[in-house]
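Following: one structure in structure tokens, then a few remarks.
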Amino acid sequence: MTKSKCRNRAAGVILLAAVAVTIPCAVAQFPGMPPPKHYAWSDTSLSPDARADMVIKELTLEEKISLLHGNGFSFGMNGSTESNGGAGYSVSIPRVGIPAIQMADSAYGVTRGAASGRYSTALPNNLAAASSWDPQAAFAYGALIGKELREEGYSMSLGGGVNLPREPRNGRTFEYQGEDPLLAGTLVGNFVKGVQSEHIIGDLKHYAINDQESGRNAVNAKIDKRSMRETDLRAFEIALKISDAGAFMCSYNRVNGDFACENSYLLTDVLKKDFHFQGFVLSDWGGTHSTAKASHAGLDQEQPGKGFFGDALKKAVDGGEVSQDEINDHVHRILRAIFATGLFDNPIVKRVPDVEGGYVVAKCIAEKSIVLLKNEHSVLPLEGAGLRSVALIGGHADVGVLTGGGSAQVDPPGGSAVPPPPAGSNPMAAFMRQAWLPSSPLRALAAKLPSVTVSYNSGDDLAATADAAKKANVAIVFAYQWESEGMDLKTLALSDEQNRLIETVAAANPKTIVVIESGSPVTMPWIDKVAGVVEAWYPGIRGAEALADLLTGKVNPSGKLAITFPKSDTDLPHPTIVLPPPTSQQSRPTPGADISSVMAMMAKGLPAFETNYDEKLKVGYKWYDAEKKPVLFPFGFGLSYTTYAYSGLTVKGGESTEVSFTVRNAGKRAGTEIAQVYASLPDAAGEPPKRLVGWTRVELAPGESKKVSIPVDRERLTIYDEASDSWSLIPGSYNVLVGGSSQDLPLHQQLTLP
Ligand code: BGC
């Protein structure tokens, strides 16, 4: 097997090298930027706080307030000349050299390219990338996005989604990083660190408990403090610690009664006080509902309009309802982010993005993200003299790979590879159209297998498909589940047509493999009838090429699930999603409707309905463990073309616990194993059966053994006590468990902590 660039020891270096930036001096400065000038606050030896304070002293109240709100969408609502065409912006103040903050959605790449004729790299979606369990890859992912934002004239990323999938049918699960707070927080933290390494402001969103799209502008998420702090908020806390993110986006929903963007517990008590967040909080688009209440609670910037933080805020200051100090604090946080990320010192310059460099990063990450779920009788990799024909079936595998929709949508170069239905004049319709990237599995696989006949059949005619499948040595069905902001999935099941297609092909050919493109787990009623299953997620602009390398064994799969695949929807903590009553439903604008009327309706605040997260601490694998529900594929699971053996566990307790063990590659191919460490807490802690406390990626040649050591910080073992509002370590007996998935933990050892 040839060595892949992504697999070797220098993978991180290659990824990072591919995104290193050098800004040529001949490039014109981005229009709208003030000319370089030396101000007292240009002194980079001063702290970002000191520099921010110096600027504040120069500003009038009007100028301060101009920083505390947006100025409309690029499409609709008082579009302004300073807009770079992104989701929103705050104005520049050229007099003092403060640049505009130009914001673009950028969860898996820079968005809204089509509207402005720009190209950007569509990376594998976020949940896909989380399957790499690779913080270095997460950094490279963020750094590429930061670089392309800068090249396209933006200075702030609206990415960094880290909501835990209490509801995996949430249409935005593809934008998040899975169900474990340590894994998700670590990866998103590195993503934002990567974005900010390009002197672009990064943000973390959607803060918090924004776990369903149905009725998102009205829903009141009910959840106890301990569960929030140990799970959902823990992910944000870890991500912030790693990244020092410049911004947090508060979410649309209510949490325990108050809208997240005017929730003083979330914004002030937890985020600004306990987490020591020093950046600014901006509202999700249309998520501001008040002036004084939101300002007091800790909202720093309204987006995308100024209904509450424009004239109304000035009036509140003049009337003494909001103090000058409070305004200065909001402004300080925004200016601090501009200085701390280096945006002030590194003005934005537009350039043509490095398309080829983006491909390299996208393919490397896809190779690490795709998860091999089933491989009976080693049906994969596709190799050997007997292999003469492979039939690809369905899922538009002749032309492209699927992407996730909504505000995260990265526009495919050249338009969608599968033509979408016309959007008409309604901007919201374009927002929610399926888009396919031009990365063709058929072409990519045919290129890897030059002496094999690789054919494509759409799967529309079941009899003809069965015939094609029967005639081929191997049949690969491409199944997909599209998701998007603005909707939830009714079920994790594939459509009936796709399930029928898989059953038909499996009946025709015992060597049937299913490749799934999805943003959430899917259920598989046909699992026992197929030989192989590969979860490809939404694999990005070089997804098919990465998939072809994995299917043919050029690359050995290493991805592991960051989210549990349940057997059925009925096994989820909430068998059905709580839907909003009609009065709490956000109406969609009809063609030609004025978006500002929709925004005004949202601003008023729709009547609340409740979703009760009564599974509490039991998110993801913790739920299935505690409820003893068998799953289809557990958290942390993923196969390889080799096998790994674990031995020699030693656990040393102390301020930080040191977990050491040996991993051996017991097979004949080189590979990378993601070795995982879990801990069971003493009974007195009242916790679910176990939690992830560490992991490492181990690269191993055939037959090679490596001893690895994983430090487990004390913090990873603590629990949150609501009564004392503090974290504590419960004395007693801990069980440390080690292995290759949350349900394959061959090594264990007790550890007594005082
Ligand atoms: C989404 C955010 C996004 C914003 C701006 C909202 O609808 O929830 O994630 O950043 O729009 O496009």
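Below are the figures for this structure:
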quantity	calculated
Qualifying residue in the stretch 238-245 (condition: of a type in the set (Val, Ile, Thr), farther than 25 Å from LYS604 by Cα, within 16 Å of the ligand (Cβ to nearest atom) and in contact (Cβ under 8 Å) with a residue 24 or more places away in the chain)	no
Condition check for LYS554: outside any helix (DSSP H, G or I) and of a type in the set (Lys, Arg)	yes
Candidate set from the stretch 114-125 (those that are more than 17 Å from ALA544 (Cα to Cα) and at pLDDT 95 or above); member that is surrounded by the fewest Cβ atoms within 10 Å (Cβ to Cβ)	TYR119
Residue list for the stretch 151-177, restricted to those being over 23 Å from VAL578 (Cβ atoms) and assigned to a loop (DSSP other than H, G, I, E, B)	GLU152, GLY153, TYR154, SER155, GLY159, GLY160, GLN177
Whichever residue in the stretch 417-444 is among the polar types (S, T, N, Q) and at pLDDT 95 or above and, among such residues, is nearest to ALA469 (Cα to Cα)	SER440
Strands (runs of 3 or more DSSP E) wholly inside the stretch 590-686 containing at least 2 residues that are of a type in the set (S, T, N, Q) and within 30 Å of ASN163 (Cβ to Cβ)	609-612, 656-665, 671-680
Any hit, the stretch 221-237, residues being within 13 Å of the ligand (Cβ to nearest atom) and buried (at least 23 other Cβ atoms within 10 Å of the Cβ)	no
Subset of the stretch 609-653 [out of contact with any Leu (no Cβ under 9 Å at 6 or more places or on another chain), surrounded by fewer than 20 Cβ atoms within 10 Å (Cβ to Cβ) and farther than 19 Å from ARG691 by Cα]	GLU610, ASN612, THR643, ALA645
Inter-residue pairs, beta-carbon under 6 Å, first crowded, with 22+ Cβ neighbours inside 10 Å and in the stretch 673-693, second assigned to a loop (DSSP other than H, G, I, E, B) and of a type in the set (Gly, Ala, Ser), 6+ apart	GLN676/GLY636
Residues (away from the ligand (no atom under 14 Å from the Cβ), touching a helix residue (DSSP H, G or I) at 6+ places or on another chain (Cβ under 7 Å) and part of a loop (DSSP other than H, G, I, E, B)) located in the stretch 188-208	SER197, GLU198, ILE200
Within the stretch 285-311, considering residues that are touching a His at 6+ places or on another chain (Cβ under 6 Å) and under 15 Å from LYS604 (Cα atoms), the one nearest to the ligand (Cβ to nearest atom)	GLU302
Flag if LYS314 is of a type in the set (Lys, Arg), in contact (Cβ under 8 Å) with a residue 24 or more places away in the chain and either in contact with a Phe, Trp or Tyr (Cβ under 8 Å, 6 or more places away or on another chain) or assigned to a loop (DSSP other than H, G, I, E, B) (or both)	no
Evaluation of ARG254 against (1) in contact (Cβ under 8 Å) with a residue 40 or more places away in the chain; (2) more than 16 Å from the ligand (Cβ to nearest atom); (3) surrounded by 24 or more Cβ atoms within 10 Å (Cβ to Cβ); (4) over 18 Å from THR186 (Cβ atoms) (one fails), failing number	(2)
Filter pass, VAL349 being more than 20 Å from GLU152 (Cα to Cα) and of a type outside the set (Phe, Trp, Tyr)	no
Failed item, numbered, when GLN136 is tested on (1) assigned to a helix (DSSP H, G or I); (2) surrounded by 24 or more Cβ atoms within 10 Å (Cβ to Cβ); (3) more than 16 Å from the ligand (Cβ to nearest atom)	(2)
Test: residue in the stretch 252-267 that is basic (Lys, Arg) and out of contact with any Gly (no Cβ under 9 Å at 6 or more places or on another chain)	no
Residue match in the stretch 595-606 (condition: out of contact with any strand residue (DSSP E or B) (no Cβ under 6 Å at 6 or more places or on another chain), at pLDDT 95 or above and not acidic (Asp, Glu))	no
Pairs, first touching a residue at least 12 places away in the same chain (Cβ under 8 Å) and within 16 Å of the ligand (Cβ to nearest atom) in the stretch 471-490, second of a type in the set (S, T, N, Q) and assigned to a loop (DSSP other than H, G, I, E, B), C-beta under 7 Å, six or more apart	GLU483/SER520; ASP488/GLN212; ASP488/SER214
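Conditions tested, residue by residue: (1) over 30 Å from HIS574 (Cα atoms); (2) touching a strand residue (DSSP E or B) at 6+ places or on another chain (Cβ under 6 Å); (3) modelled with pLDDT under 95; (4) within 16 Å of the ligand (Cβ to nearest atom).
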| site | (1), (2), (3), (4) |
| --- | --- |
| ALA128 | no, no, no, no |
| SER131 | no, yes, no, no |
| MET156 | yes, yes, no, yes |
| ARG166 | no, no, no, no |
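The values are calculated or read from the model by the stated rules, or taken from the named source; none is laboratory data. These figures come from a predicted structure and were not determined experimentally. Neighbour counts run over all protein chains shown; Cβ positions are idealised from the backbone, glycine included.
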